[in-house]
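Structure first, then comments.
The values are calculated or read from the model by the stated rules, or taken from the named source; none is laboratory data. Computed from a prediction, not measured in an experiment: that's the story for all the values here. Quick reminder, even Gly has a Cβ in these numbers, built from the backbone with ideal geometry, and neighbours come from all protein chains shown. When the accessible area is computed, the model is the full protein with side chains, heavy atoms only, and any ligands, DNA or RNA have been set aside. Shrake-Rupley method; radii C 1.70, N 1.55, O 1.52, S 1.80 Å.
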Amino acid sequence: MYTVKDLHKTYGGVTALAGVDFEILPGEVHALLGANGAGKSTLIKILVGAAQPDAGRLELDGAPVSFTNTRDAADRGVAIVSQELTLFPHLDVLQNLFLGREPLAAGIALDRRAMRRIAAPVLAAIGLDVDVSRPLGSLRLGEQQLVEIARALLEDPKILILDEPTSALQATETERLLGVVRNLRDRGVAVVYVSHFLEDVFAVADRITVLRSGKVAVSRRPRAEMTIQGTVRAMLGEAVAHDRRTSETVAFDDASGSAGSLVLTGVAVTGILEPFDLTARPGEVVGLAGLEGSGARAVLDVVFGRLRPSRGRITLPEGGGWPMTMNRAVKAGIAYIPADRKRLGLMLDVSIAENISTVKGGPLKRMGMVLGRRTMQRRAEHWRETLNIAMSSSAQPVGSLSGGNQQKVVFAKWLEADPSVILLDDPSRGVDVGAKDDMHAIIAQMAAGQKVVLYTSSDLEEMAKICDRVVVFFGGRAVGEVGGEQLSESVLMEAINVGGVDEGRTERLRQL
Ligand SMILES: Nc1ncnc2c1ncn2[C@@H]1O[C@H](COP(=O)(O)OP(=O)(O)OP(=O)(O)O)[C@@H](O)[C@H]1O
Ligand SMILES: [Mg+2]
């Protein structure tokens, strides 16, 4: 049993925790919820020794403890899978799994055979089927996240803390992970589960604690006594009672006027995408749905100049053809908002204002112009208000923001360049429900501003909600399109898994 009492933590002028009590019991899954910036990661970091509280007490099995680092905590059976990836991309999977505690055999040589043997059942349990000699960086993000989880499981922890473990996982991987979590619980492990996916939380949690602005809003309530709606209300507090900002207040310059469509004709990428046609008109949000490897996401890479088509033609809204490099893509008015804010999105140690200016500032700089600091600050202020970014100052390094607020900065920096084509790759991963609504409003507004918007996501519910129509990919082929009344989460779910859109389905359902 792990109990903490009256934890306080401030960062500079920002209060992250203001007197938090928290308790973790063996054999329970305890969900820790809260809006972006509520203090979840801070609490967890203190639990595992990655941060020190300003005040408060920690007791493990009845005795006071203080951990100076995560190794200390791991030695006492407390393991964490943190929100940001902490592994080493250039090392291989096996090395990452045993980082800092390789078993030694015959002197100093690392016994990779033993490591493989120990890792195998854990990898099998979480369904990670990759060659462990591959560099971690060559795995897709979801697989890397599973490696993080496997690494924590290999510690054989008594208390396992998962900070948004499923944010990069696909539906099937998430299901399996939830199975693993239940299994651990049944074996008496205590699991702390942090997530913005409330449906997953309700599927797995025994108890729920909600933080709001660094305080406990709901404490250890049994799941059966809570509803998703009630939980959202507890997370957002007053904010939900007020009208959420309406899209009218979000204004975009419409410099592109009635610019044309994005047209892909017979575009193919050897081994990844078979020839397909796609016309995305200004004012539309076009979804690209498909399982990992289906080719849906590859379409974004092609348009952004990251993946070279082997044949076909691409015409951009502002005229001009395939951009060939990402730099040219940016100059040609294409924005790419990635899911992986850490590696593709942001410079964490640089200020918010500078990060927001990088895209626009980049091409301008090459023309000999530099954005002044004051301009940068003013633009950062604009986006703080538009996107509701919780920050104390635009001079703050991005790395000091909470995960969800970092993702908003990614949004801001790409929108700042006033693009004509916006490519969204799972853009709201890790942001809370309130911010999600803000982002949906912004996406709708971008479309209304005559931008071409292509959108891909693992969240099919969100996709059905914000897209005008969705093109479904399966095994590298565009197999169909869903739009209008037919567009729903369940239709998409079926389509991406069976590789087709059953035109008659909705009709049949209606007749039942
Ligand atoms: N290293 C830091 N320096 C400055 N401020 C910080 C730092 N870490 C966290 N904060 C601030 O403390 C508050 C709590 O952040 P925390 O990361 O705990 O939120 P969270 O609940 O995990 O949010 P999210 O859902 O977005 O991950 C936020 O206002 C955040 O900006
Ligand atoms: Mg967090």
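Scanning the range 22-43 for residues that are of a type outside the set (Ser, Thr, Tyr), surrounded by 22 or more Cβ atoms within 10 Å (Cβ to Cβ) and not in a strand (DSSP E or B) yields Gly34, Ala35, Asn36, Gly37, Ala38, Gly39, Lys40, Leu43. In this structure, is Met493 in a helix (DSSP H, G or I), open to solvent by 10 Å² or more (accessible area, probe 1.4 Å) and of a type in the set (A, V, I, L, M)? It is true that Met493 is in a helix (DSSP H, G or I), open to solvent by 10 Å² or more (accessible area, probe 1.4 Å) and of a type in the set (A, V, I, L, M). Could you say whether any residue in the range 78-85 is in contact (Cβ under 8 Å) with a residue 60 or more places away in the chain, in contact with a Leu (Cβ under 6 Å, 6 or more places away or on another chain) and either within 30 Å of Gln229 (Cβ to Cβ) or of a type in the set (Gly, Ala, Ser) (or both)? Within the range 78-85, one or more residues are in contact (Cβ under 8 Å) with a residue 60 or more places away in the chain, in contact with a Leu (Cβ under 6 Å, 6 or more places away or on another chain) and either within 30 Å of Gln229 (Cβ to Cβ) or of a type in the set (Gly, Ala, Ser) (or both). Of the set (1) open to solvent by 20 Å² or more (accessible area, probe 1.4 Å); (2) assigned to a loop (DSSP other than H, G, I, E, B), all apply to Gly179 but (2). Checking Ala412, Ala435, Ala448 one by one, the residue that is among the aliphatic types (A, V, I, L, M), in the same structural domain as Val285 (by TED's automatic domain parsing) and either over 18 Å from Glu284 (Cβ atoms) or within 13 Å of ligand 1 (Cβ to nearest atom) (or both) is Ala435 and no other. Taken over the range 279-305, the criterion of being within 27 Å of Thr172 (Cβ to Cβ), in contact with a Ser or Thr (Cβ under 9 Å, 6 or more places away or on another chain) and open to solvent by 10 Å² or more (accessible area, probe 1.4 Å) is satisfied by Gly290, Leu291, Glu292, Arg297.
I'm checking my understanding of the structure. Among residues of the range 415-435 that are open to solvent by 30 Å² or more (accessible area, probe 1.4 Å) and within 15 Å of ligand 2 (Cβ to nearest atom), which one is modelled with the lowest pLDDT?
Step one: filter the range 415-435 for residues open to solvent by 30 Å² or more (accessible area, probe 1.4 Å), giving 417-418, 429, 433.
Narrowing further to those that are within 15 Å of ligand 2 (Cβ to nearest atom): 429, 433.
Numbers: Arg429: 76, Val433: 79.
Filtering first and then ranking leaves Arg429.
Annotation note: Cβ proximity below 8 Å between a residue of the range 375-390 that is open to solvent by 20 Å² or more (accessible area, probe 1.4 Å) and more than 16 Å from ligand 1 (Cβ to nearest atom) and a residue that is acidic (Asp, Glu) and part of a helix (DSSP H, G or I) (sequence gap 6+ or interchain) occurs for Met376/Glu354.
Return yes when Gly504 is more than 18 Å from the chain's Cα centre (by Cα) and either open to solvent by 40 Å² or more (accessible area, probe 1.4 Å) or modelled with pLDDT of 80 or more (or both) and no when it is not. Answer is no for this residue.
Could you check the range 145-164 and list, in sequence order, the residues that are more than 12 Å from Leu97 (Cβ to Cβ) and in a helix (DSSP H, G or I)?
Looking only at the range 145-164, we keep the residues that are more than 12 Å from Leu97 (Cβ to Cβ), and these are 145, 156-164.
Correct list: Gln145 only.
In the condition set (1) among the hydrophobic types (A, V, I, L, M, F, W, C); (2) within 16 Å of ligand 1 (Cβ to nearest atom); (3) within 28 Å of Gly100 (Cβ to Cβ), Val29 is compliant with all but (2). The residues of the range 1-59 that are acidic (Asp, Glu) and touching a residue at least 60 places away in the same chain (Cβ under 8 Å), listed by number, are Asp21, Glu23, Glu28. Scanning the range 134-150 turns up one or more residues that are modelled with pLDDT of 90 or more and closer than 20 Å to Gly188 by Cα. Pairing residues of the range 113-133 that are at positive phi and assigned by TED's automatic domain parsing to the domain that holds Leu153 with residues that are hydrophobic (A, V, I, L, M, F, W, C) and assigned to a helix (DSSP H, G or I), at Cβ distances under 9 Å and at least 6 apart in sequence or on separate chains, gives Gly127/Leu146; Gly127/Leu177; Gly127/Val180.
For the range 1-21, name all the residues that are over 12 Å from Arg212 (Cα atoms) and open to solvent by 10 Å² or more (accessible area, probe 1.4 Å). Within the range 1-21, Met1, Thr3, Lys5, Asp6, His8, Lys9, Thr10, Tyr11, Gly12, Gly13, Val14, Asp21 qualify. Within the range 46-82, the set of residues being open to solvent by 20 Å² or more (accessible area, probe 1.4 Å), within 16 Å of ligand 1 (Cβ to nearest atom) and closer than 19 Å to Val189 by Cα comprises Thr70, Ile80, Ser82. If the condition is being more than 16 Å from ligand 2 (Cβ to nearest atom) and under 20 Å from Ala339 (Cβ atoms), then the range 177-199 contributes Leu177, Glu199.
For the range 370-468, give me every one of the helices (runs of 4 or more DSSP H) that falls completely inside it and has 2 or more residues that are within 23 Å of Met347 (Cβ to Cβ).
Working: elements: 373-387, 403-415, 433-448, 460-466.
Qualifying helices (runs of 4 or more DSSP H): 373-387, 403-415, 433-448.
The single condition among (1) open to solvent by less than 10 Å² (accessible area, probe 1.4 Å); (2) at pLDDT 90 or above that Phe411 does not satisfy is (2).
Condition first: farther than 26 Å from Thr315 by Cα and in contact with an Asp or Glu (Cβ under 6 Å, 6 or more places away or on another chain). Now tell me which residues in the range 459-492 satisfy that. Matches in the range 459-492: Leu460, Glu461, Ala464, Glu489.
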